[in-house]
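Undergrad: Let me give you the structure first, and then I'll get to my questions.
Derivation of every value follows stated rules applied to the coordinates shown; laboratory data play no part. Predicted model, so just to flag it, every value in this text is computed and none were measured. Note that each Cβ is placed from the backbone with ideal geometry, even for glycine, and that neighbours are counted across all protein chains shown.
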Amino acid sequence: MKAKFITIEGIEGAGKSTQLDFIQKYLSDQGQSLTVTREPGGTELGEQIRELLLTPRPQGMAVDTELLLMFAARAEHVEQVINPALERGEWVLSDRFTDATFAYQGGGRGIAQQRITDIAEWTLKGLQPDLTLLFDLPVEVGQQRVLSRNEGIDRFEQEKVDFFQRIKECYLERAKHAPKRIKVIDANQSIADIQAQLASILDRLLVA
Ligand code: Z5A
């Protein structure tokens, strides 16, 4: 069976990190080892770029700089981590990937989707996830969860509700156009109910 590439997406506070361990354990219980990684990041250089992207800065950051840094980190990630793992036959699970760029830099920041498509084609050379789990929930619920976590707020988390609303809509629009790849998870439920949804999707992937 060809190694599978799975990504997790959603607005802030959707519960991606919370469910990452569950997905990893579920797949490993079925005998499937996998590399778990994240974006922006996943490599030494990528984690340095992540720091640049997430650190709040009073002077802001040009939207094109943000876009190009996302893809710079991703090019490194694909070449050093994702492709080598898939070539070894190992499954890969990434907390965010290119759908996040379409949603955040496209939907959120207003960069044309075609421009993102062009850069994606150039840097990814056709690499696409086999499955994307899109955690969907009302923006206010996600923000409340982030606030109650009582951690520092990064540069993206400083944004207002309408920014995240555009991102949520962009994600859902992408899911509408790629229903086989992008599975929408109702993330406004208990952790156990979300895990039941995940298990049934993963079961189908394991036999695909
Ligand atoms: N970004 C971008 O703009 N363009 C790109 O191309 C890429 C990324 C790749 C960093 O991502 C930022 O980079 C991100 C988008 C941007 N910024 N934002 N916003 P990140 O993935 O590191 O950051 P994040 O999405 O903000 O992660 P997060 O806030 O940690 O969200 P999460 O992982 O989905 O949520 P969580 O940590 O699992 O859960 C949040 C809290 O809710 C936590 O206290 C949980 O215990 C609680 N929780 C989780 N599930 C539940 C349920 N079901 N019920 C109740 N409470 C729950």
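Undergrad: Between region 77-145 and region 13-31, what's the alpha-carbon centroid distance in Å?
TA: About 18 Å separates the Cα centre of region 77-145 from the one of region 13-31.
Undergrad: Right, something else. Hey, which of these cross-link pairs are over 23 Å Cα-Cα: 25/125; 4/125; 25/183; 125/168; 25/176? Intermediate results must be reported in sequence, preceding the final value.
TA: Details: 25/125 30 Å; 4/125 17 Å; 25/183 20 Å; 125/168 26 Å; 25/176 29 Å.
In this structure, 25/125; 125/168; 25/176 lie more than 23 Å apart at Cα.
Undergrad: Order 80-87, 95-102 from most to least packed using the mean count of other Cβ atoms within 10 Å. Numbers along the way, then the final one.
TA: Details: 80-87: 16.5, 95-102: 23.5.
Order by mean packing, descending: 95-102, 80-87.
Undergrad: Right, next: Could you give each residue of region 94-105 its phi-based ³J(HN,Hα) in whole Hz, using Karplus coefficients 6.51, -1.76, 1.60 with θ = phi - 60°, and x for Gly or Pro?
TA: 10, 6, 5, 7, 5, 4, 5, 5, 4, 6, 7, 7
Undergrad: Show me 15-27, 38-50, 141-153 ranked by packing, highest mean number of other Cβ atoms within 10 Å first. Walk me through the numbers before you get to the answer.
TA: Values: 15-27: 16.8, 38-50: 19.5, 141-153: 12.8.
Listed from highest to lowest mean packing, they are 38-50, 15-27, 141-153.
Undergrad: Now for a different question. Across 5 Å bins from the origin, how do the percents of Cα pairs in the chain run, short distances first?
TA: With a bin width of 5 Å, the distribution comes to 1, 7, 15, 20, 22, 18, 12, 5, 1, 0, 0.
Undergrad: Also, I was wondering about something else. For n ≥ 4 DSSP H runs only, could you compute -39500 (n - 2.57) per run for the chain, divide by its residues and tell me the 222 nm figure to the nearest 500?
TA: On the way: 9 runs with 104 residues, N = 208.
Calculated at 222 nm, the ellipticity per residue is -15500 deg cm²/dmol.
Undergrad: In terms of modelled amide H atoms, which long-range or inter-chain residues lie less than 5 Å from the amide H of residue 11?
TA: Result for residue 11 returns 137.
Undergrad: Another question, then. Can you give the local net charge around residue 153? Use residues other than it whose beta-carbon is closer than 12 angstrom to its beta-carbon, Lys and Arg +1, Asp and Glu -1.
TA: -3
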